[in-house]
Number of protein chains: 2
Amino acid sequence: MAFVGVDLGGTQLRVAVADDRGNLRTVVRRATEAARGRDHVIKRIVDAVKEAVEEDGTPPRRVRALGIGLPGPVDPAAGLVISPGNLPGFRNVPLNRILTRATGIPSFLHHDAHLAALGEHRRGAARGASEMIYVTVSTGIGAGILLGGELYAGAHGIAGEVGHIVLKPDGPLCTCGQRGDLESIASGTGIARAARELAPGTPGSALHGLEHPQAEDVVRAARAGDELATAILENAGTYLGIAMGTLVNLFNPQLIVLGGSVIKAGNFLLGPMRRSMNVSSWKAARRGLRIVRPALGDDVGLIGAVEYARLRARHARLA
Amino acid sequence: MAFVGVDLGGTQLRVAVADDRGNLRTVVRRATEAARGRDHVIKRIVDAVKEAVEEDGTPPRRVRALGIGLPGPVDPAAGLVISPGNLPGFRNVPLNRILTRATGIPSFLHHDAHLAALGEHRRGAARGASEMIYVTVSTGIGAGILLGGELYAGAHGIAGEVGHIVLKPDGPLCTCGQRGDLESIASGTGIARAARELAPGTPGSALHGLEHPQAEDVVRAARAGDELATAILENAGTYLGIAMGTLVNLFNPQLIVLGGSVIKAGNFLLGPMRRSMNVSSWKAARRGLRIVRPALGDDVGLIGAVEYARLRARHARLA
């Protein structure tokens, strides 16, 4: 018995074949080639799945289920990709049906950040946590929520859009069209934008004169003692802390797993985050709360997708 | 077979005896006399319960369970009252155990706003809604959340503190100690505070010269065309809309029940709320969302407490 996990991003497509217990056995990586459109991307997924199964040596009929994580919004219950920003042409695509038909494997899609949360819960830093939230802060900000130890998807699979809660109504414009949401301020994109806007007016800063300052440049400059860079990360951390406080007050979780490339800024970001979280949430709601780093690395999306395939196969067997 | 529901507020204490199907049969009302301290209040609850059962004519041994709602924070799983602001002396009180022993009826406490949500779900405006949030905006702002048709309480019963999510870090101080949370801006208390602060500097306003302007004065002045009053309600509605957007993006609910005395301000508040909610949440997350008024009146807390008693009795039977 085997399972397939697929992690579909705007840039990279990864496919894993895993054994009955969810251990990844064979992994295939491809460029997504998203710009070439929906049909091309779907063909690349199907080909990569077939290749991975063949390379793995598992007879296709012994593959029980396929889980695929991709950027939201998606509707997992309906098996629909709604309109992910970085996959042009994917609009209301019944991907479960398409993949099931093309691969012969019962296929189940979900939001990639939710599947990463599932992965950390089943095999990573959140094992045993009943109420847990996974937040990843990198180019964008994604999250997944498990309540009672199970994925929480909301009425239509759009729950957990932490990156898009509004914290500063007159703040910067986000790619989603909202103004002053968490992602517009505290993501890598938001930090880079702040540097781009503020550096030209700050001649003393190491960021001054950089043509396209990135989040990594800001972190590097902060480490070298740059005041502007430190202030930008402090602002990002403060708003990240308010968002964390909101999660704490609304969900009263036991555990928050906080990951993503931007978290590598360390205390320049996390110090202000902690202070601001503590004045933005109830003490009673923080009781027993642990905030930890993810335990799974780059494969978290693949591991989560495999775990989702196992979960759906189990549900099907019980139904 | 009968059930008892208790609604314990800082001012009023209400007790109901209900039949097997949850229909209220006998209701007893008392002043809480909170200022006289914990032991006195507990005695008043016990006496009122005994009186209500006697008045109802149900033999005490036929009362299956008692549900009691009171202001948070409480820990329903542990049966503990933690530290409700308006019930002095109640600090880490094991109320389940105390009431069970004193009344002879298995007793179960929960946060009053959560029980109101349960009441609206079982017998009011939210029947059949799987993911629903109940928000009540009056002196304070309370909320209760049902996910998968069941009360969501978080790790320690503190979930759903919508009134205390921070929306304006440099905003007014809330009674809870936080700054710029929803309650500090959009509750009756917040609206009255804004009037108190702004009216002295606005000689043309009908609020100018009022010694202690209340939220009702602001609503009345707005209806008469007062600009300051209209602006105060617009500001409150705008922040209420941001909070609603946050709920939508995080929980992706099917239904929000929005009640409380402040909502009676109507479109002065609800117009700005809708506009702001629509720019503070994802369209995909608002799909199919309904926002409705509560269907239950002042008895919502009692009805919810009775429903909670029925729920716990059912759980006990299944265990």
* For the stretch B:48-167, what size does the Cα cloud have along each of its three principal axes, sorted from largest down, in whole Å? -> 49, 36, 27
* Label distances, nm, B:Val46 versus same residue in remaining copies, Cβ-directed 7 Å point -> 7.3
* Using the Kirkwood radius over Cα pairs, work out the Stokes-Einstein diffusion coefficient for the stretch B:125-292 at 10 °C and 1.306 mPa s, in µm²/s as a whole number. => 98
* **Cα coordinate range in chain A, projected on the principal axes (Å, largest first)** => 64, 46, 31
* Where does the stretch B:13-94 land on Rg/Rh, using Cα atoms and the Kirkwood Rh? -> 0.99
* **Principal-axis tilt of helix A:112-123 within chain A, Cα atoms, nearest 10 degrees** => 80
* Which FRET efficiency, nearest 0.05, do B:Arg220 and B:Gln12 yield, Cβ-Cβ r, R0 30 Å? -> 0.75
* Alpha-carbon centroids, the stretch A:153-173 and the stretch A:78-115: separation in whole Å -> 22
* Return a whole-number percent for the relative contact order of the stretch A:233-319, with Cα pairs under 8 Å and 6 or more residues apart as the contact set. => 39
* Across B:Lys168/B:Lys283; A:Lys168/A:Lys264; A:Lys168/B:Lys283; A:Lys168/B:Lys264; A:Lys43/A:Lys264, pairs whose alpha-carbon gap is larger than 31 Å -> A:Lys43/A:Lys264
* Asked: Taking the label point 7 Å from Cα in the Cβ direction, how far apart in nm is A:Arg127 from each other copy of itself, listed shortest first?
  -> 4.7
* Asked: Per 20 Å bin, what percent of the C-alpha pairs of the protein assembly as shown does each bin hold, from zero upward?
  -> 19, 47, 29, 5, 0
* Cleavage-rule hits (GluC sites (Glu not before Pro)) in the stretch A:204-244: DSSP loop, at most 14 neighbouring Cβ within 10 angstrom -> A:Glu211
* So how long is each side of the stretch A:226-293 along the principal axes, counting just the alpha-carbon atoms, biggest first, in Å? -> 37, 22, 14
* **Contour excess over end-to-end distance, with Cα ends at B:Asn267 and B:Arg97 and 0.36 nm allotted per residue** => 56.6 nm
* To do: With a point put 7 Å past each Cα toward its Cβ, work out how far B:Met1 is from A:Asp47 in nm, to one decimal.
  => 6.4
* **Cβ-derived FRET efficiency at R0 22 Å, B:Val279 paired with A:Ala78, nearest 0.05** => 0.25
* Asked: Relative contact order, percent, of chain A when contacts are C-alpha pairs under 8 Å separated by at least 6 residues?
  -> 19
* Asked: Each label point is 7 Å from the Cα along the Cα-to-Cβ direction; what then is the distance between the points at B:Ala31 and B:Glu54, in nm?
  -> 2.2
* Asked: What is the average number of partner chain Cβ atoms found within 10 Å of a Cβ in B:242-249?
  -> 6
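Every number in this text was worked out from the coordinates using simple rules, so none of it is lab data. Keep in mind that this is a model prediction, so the values were computed, not measured. Cβ coordinates were reconstructed from backbone atoms using ideal geometry, including for glycine residues, and neighbour counts include every protein chain displayed.
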